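J.: Handing you a structure now.
The values are calculated or read from the model by the stated rules, or taken from the named source; none is laboratory data. Just so it is clear, the structure is predicted and the values come from calculations on it, not from any experiment. Every residue, glycine among them, receives a Cβ derived from its backbone with ideal geometry; neighbour counts consider all protein chains shown.
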Amino acid sequence: MKIGIDIGGSHISVGVVDENGKIIEKTEKRLTSNEKKDIRKSIEEYIILNSLNFMKKYRIEMIGIAMPGTAIDGVILSSGNVGIKNYNLAEKLKEKINVPIIIRNDAKCAAIAENIYGVLKGYHRSIFLTLGTGIGGAAFLDNKMLTAGKRPGYEFGHMVIQKDGIECTCGRKGCFERYASMKAFKNNLRKSLGLDETTRGEELLNMIRNIKPEDKNYETIQNTIEDFLENLSLGIINLINIFEPEIIGVGGSFVYFEDVFLERLREKVNKECKGKAGRDDFEIKSAVLGNDAGIIGATIL
């Protein structure tokens, strides 16, 4: 058995994963505003408490941690969406936990899981995108994930799609994730409807699903969706032109909005790639492992 951990900008999940990539038991929580003020302490305490509890019940071989940003040899060099840098998390955890600990980029972990067990399985050339607080991703060629040396590379979320655009956490302007992440979409929808940050994603999704053409906010909601999908399709088309994938898998919290986004996204991408460029040999599908992909992928060596 292995422990997989997924750390995001607003949550931590800890799960026990068996040799077949199945999660046997899992615990998760949303980080409060107070916990985010001392994020390092909050992360360490939650991981140590739950890992030790699981180690009492299962024979654990290793711990894999999926986290946004760049990690090398157990040190998180930078994670803009979590707000930490130069953080030797593995060393801190090993003071209490005596098993090997590996830390990798969360999007790469999710992509690995989807490639072996999920939506990318069976394809030779594929792209995987995770839409959440930011945008992460990975590319596969001949069923192997492309890497860039010591750093994970393939940071699709920091591809610039708008010159001199919105400033990103990476320090540049106009990055893909500032326009097409799920955080960007939710924030833009809240702003356009005059809602505050306490309005959860589930509430926004219900508004979208239940809105009728005669309702006063119908046009506002549709325009916000249209802007989001325009930006998302722009980035995906760029990636198709570069990698010529057989499939583009889209994960993260995008999967919860699949019924309102996916077909419209396909139409936009197909119009450009299949209609104008003549490409007809790729598919766009939603991830199938949901938010468990990071946990599962973190345990795959």
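J.: Applying the selection to segment 140-152, what residues are of a type in the set (A, V, I, L, M) and part of a loop (DSSP other than H, G, I, E, B)?
T.: Leu146
J.: Would you check which residues across segment 43-58 are of a type outside the set (A, V, I, L, M, F, W, C) and either in contact (Cβ under 8 Å) with a residue 12 or more places away in the chain or more than 21 Å from Asp106 (Cβ to Cβ) (or both) and list them? I'd like the intermediate steps shown before the answer.
T.: Here is the first cut: in segment 43-58, the ones of a type outside the set (A, V, I, L, M, F, W, C) are 44-46, 50-51, 53, 56-58.
Those that are of a type outside the set (A, V, I, L, M, F, W, C) and either in contact (Cβ under 8 Å) with a residue 12 or more places away in the chain or more than 21 Å from Asp106 (Cβ to Cβ) (or both): Glu44, Tyr46, Asn50, Ser51, Asn53, Lys56, Lys57, Tyr58.
This table checks each residue for (1) touching a Lys or Arg at 6+ places or on another chain (Cβ under 8 Å); (2) modelled with pLDDT under 95; (3) in the same structural domain as Asn105 (by TED's automatic domain parsing); (4) among the aliphatic types (A, V, I, L, M).
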| site | (1), (2), (3), (4) |
| --- | --- |
| Asp227 | no, no, no, no |
| Phe243 | yes, yes, no, no |
| Ile248 | yes, no, no, yes |
| Leu265 | no, no, no, yes |
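J.: Right, something else. If you take the residues in segment 255-301 that are among the aromatic types (Phe, Trp, Tyr) and part of a helix (DSSP H, G or I), which one is nearest to Ile7 (Cα to Cα)?
T.: Tyr256
J.: If you don't mind, another one. Which residues, taken from segment 153-183, are under 18 Å from Ser78 (Cα atoms), hydrophobic (A, V, I, L, M, F, W, C) and either assigned to a loop (DSSP other than H, G, I, E, B) or not assigned by TED's automatic domain parsing to the domain that holds Glu230 (or both)?
T.: Those that are under 18 Å from Ser78 (Cα atoms), hydrophobic (A, V, I, L, M, F, W, C) and either assigned to a loop (DSSP other than H, G, I, E, B) or not assigned by TED's automatic domain parsing to the domain that holds Glu230 (or both): Met159, Cys168, Cys170.
J.: Now a separate question. Select from segment 98-118 the residues that are surrounded by fewer than 23 Cβ atoms within 10 Å (Cβ to Cβ) and more than 14 Å from Ala66 (Cα to Cα) and list them in ascending order.
T.: Asn98, Val99, Pro100, Ile116, Tyr117, listed by residue number.
J.: Given the conditions (1) surrounded by 12 or more Cβ atoms within 10 Å (Cβ to Cβ); (2) more than 26 Å from Asn105 (Cα to Cα); (3) touching a residue at least 24 places away in the same chain (Cβ under 8 Å), report the number of the one that Met207 does not fulfil.
T.: Tallying (1) surrounded by 12 or more Cβ atoms within 10 Å (Cβ to Cβ); (2) more than 26 Å from Asn105 (Cα to Cα); (3) touching a residue at least 24 places away in the same chain (Cβ under 8 Å), Met207 fails exactly one: (3).
J.: Which numbered condition in (1) at pLDDT below 95; (2) among the polar types (S, T, N, Q); (3) surrounded by 15 or more Cβ atoms within 10 Å (Cβ to Cβ) is the only one that Asn231 fails?
T.: It fails just one condition, (1).
J.: Still on this structure, please answer the following. From the list Ala71, Ala66, pick out the single residue that is assigned to a strand (DSSP E or B), on the phi < 0 side of the Ramachandran plot, out of contact with any Gly (no Cβ under 9 Å at 6 or more places or on another chain) and not hydroxyl-bearing (Ser, Thr, Tyr).
T.: Every option except Ala71 fails the conditions.
J.: Let me ask something else about it. Tell me, please, whether a residue that is more than 26 Å from Gly174 (Cβ to Cβ), out of contact with any Asp or Glu (no Cβ under 7 Å at 6 or more places or on another chain) and assigned to a helix (DSSP H, G or I) can be found in segment 220-242.
T.: No: segment 220-242 contains no residue that is more than 26 Å from Gly174 (Cβ to Cβ), out of contact with any Asp or Glu (no Cβ under 7 Å at 6 or more places or on another chain) and assigned to a helix (DSSP H, G or I).
J.: I need a count of the residues in segment 83-139 that are under 15 Å from the mean Cα position of the chain (by Cα) and outside any loop (DSSP other than H, G, I, E, B).
T.: Counting residues in segment 83-139 that are under 15 Å from the mean Cα position of the chain (by Cα) and outside any loop (DSSP other than H, G, I, E, B) gives 22.
J.: Can you name the number of the only condition in (1) over 17 Å from the mean Cα position of the chain (by Cα); (2) surrounded by 14 or more Cβ atoms within 10 Å (Cβ to Cβ) that Lys271 fails?
T.: Failing condition for Lys271: (2).
J.: Quick test of your reading of the structure: Glu244 fulfils all but one of (1) surrounded by 20 or more Cβ atoms within 10 Å (Cβ to Cβ); (2) at positive phi. Name the failing condition by number.
T.: (1)
J.: Any residue in segment 165-179 that is of a type in the set (A, V, I, L, M, F, W, C) and out of contact with any strand residue (DSSP E or B) (no Cβ under 7 Å at 6 or more places or on another chain)?
T.: At the first step, the residues of segment 165-179 found to be of a type in the set (A, V, I, L, M, F, W, C) are 166, 168, 170, 175-176.
From the residues that got through so far, the ones that are out of contact with any strand residue (DSSP E or B) (no Cβ under 7 Å at 6 or more places or on another chain) too are 170.
Scanning segment 165-179, I find at least one residue that is of a type in the set (A, V, I, L, M, F, W, C) and out of contact with any strand residue (DSSP E or B) (no Cβ under 7 Å at 6 or more places or on another chain), so the answer is yes.
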